[in-house]
Amino acid sequence: MTETAELGDFLKARRAALDPADLGLPTGFNQRRVAGLRREELAQLAGISVDYYTRLEQGRARNVSDSVLDSLSRALRLHRDEETYLRNLAAPKRKRIARPRAQRIRPELQTMLDAIQSPAFVFGRYLDVLAWNRLGAALSFDFASRPAAERNIPKMFFLDEHARELHPEWETVAKEIVANLRSESGRYPDDPYLAQLVGELSLGSEEFRKLWAKHTVREKAHAWKVMINPIVGELRLRYETLRLPDDPDQALVIYTAEPGSGSERALRLLASWVVDPAHA
């Protein structure tokens, strides 16, 4: 799909997500056949002509000015990640990616991972799992047993039924993963690997297909997550995500438990099992 088509679909999805009542529209305007604002209402809020906005949604407008993007962001009430995504899609010039660049981590980064006494990972573009420490491997999926091409969080989450056993809040996490993948895709919409990944996920998972069609964008950098570990049971962990300064396509993710909690004790038990599996 072209960037202009993606831009149009995103605008339509965000327009449909707006509640006219929240914008102070007269009561009579609320008798609608479809959800959200009409094109003419959104165009009026953004201060642009209905014809120009229609061309934007239909993928027929190019070189959108910063002032128009500012107005659309305000009218659509976009948060920071959504506004960044909008600007990425509307960029008039973009470097085309002939083939995805192979991602590797520096050996020093793996050494640091191994020294971290909490589950830790390095994610690459489109949530590929590039590296992990031993406690990270014991936390959820067995990454080492999978081919490198299959070490991808969206693939494991939507195409592996085991994911539902590991994540009791599967629906919530699924929405976060797809919104994060959308955010990533705005940076490299021409990447052929992205098209292949989205196609494979769409064919293999109806849930992914429905969530992807919503065009929700959010780069979730920190939150709590509940997981069921096969060795120690339920864990409630907080993760923090740090982009690597010398390679923004890579991110370090570390999971920790609340001090003094049952999850902290369970995580310590899991760590002892990793050091000496005979304890299990």
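The values are calculated or read from the model by the stated rules, or taken from the named source; none is laboratory data. What you see is a predicted model, and the numbers here were worked out from it, not measured in a lab. Note: ideal-geometry Cβ built from the backbone for every residue, glycine included; neighbour counts use all protein chains shown. Ligands, DNA and RNA are stripped out before the accessible areas are found, and what is left, the full protein with its side chains, is counted by its heavy atoms. Shrake-Rupley method; radii C 1.70, N 1.55, O 1.52, S 1.80 Å.
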What are the residues in region 58-82 that are surrounded by 16 or more Cβ atoms within 10 Å (Cβ to Cβ) and not in a helix (DSSP H, G or I), if any? GLY59, ALA61, VAL64, LEU78
Is region 72-89 home to any residue that is at pLDDT 90 or above and among the small types (Gly, Ala, Ser)? yes
Output for region 251-264, where each listed residue is more than 14 Å from SER118 (Cβ to Cβ) and either touching a Phe, Trp or Tyr at 6+ places or on another chain (Cβ under 8 Å) or surrounded by fewer than 13 Cβ atoms within 10 Å (Cβ to Cβ) (or both): ALA251, GLY260
Subset of region 104-146 (residues that are part of a helix (DSSP H, G or I), basic (Lys, Arg) and within 24 Å of the chain's Cα centre (by Cα)): ARG125
Restricting attention to region 9-24, which residues are of a type outside the set (A, V, I, L, M) and open to solvent by less than 60 Å² (accessible area, probe 1.4 Å)? ASP9, PHE10, ARG14, ARG15, PRO20
Tally the residues that are open to solvent by 10 Å² or more (accessible area, probe 1.4 Å) and in a helix (DSSP H, G or I), restricting the search to region 47-56. 5
Quickly run through region 193-226 and pick out the residues that are in contact with a helix residue (DSSP H, G or I) (Cβ under 7 Å, 6 or more places away or on another chain), of a type in the set (A, V, I, L, M) and without any contact (Cβ under 8 Å) to a residue 24 or more places away in the chain. VAL198
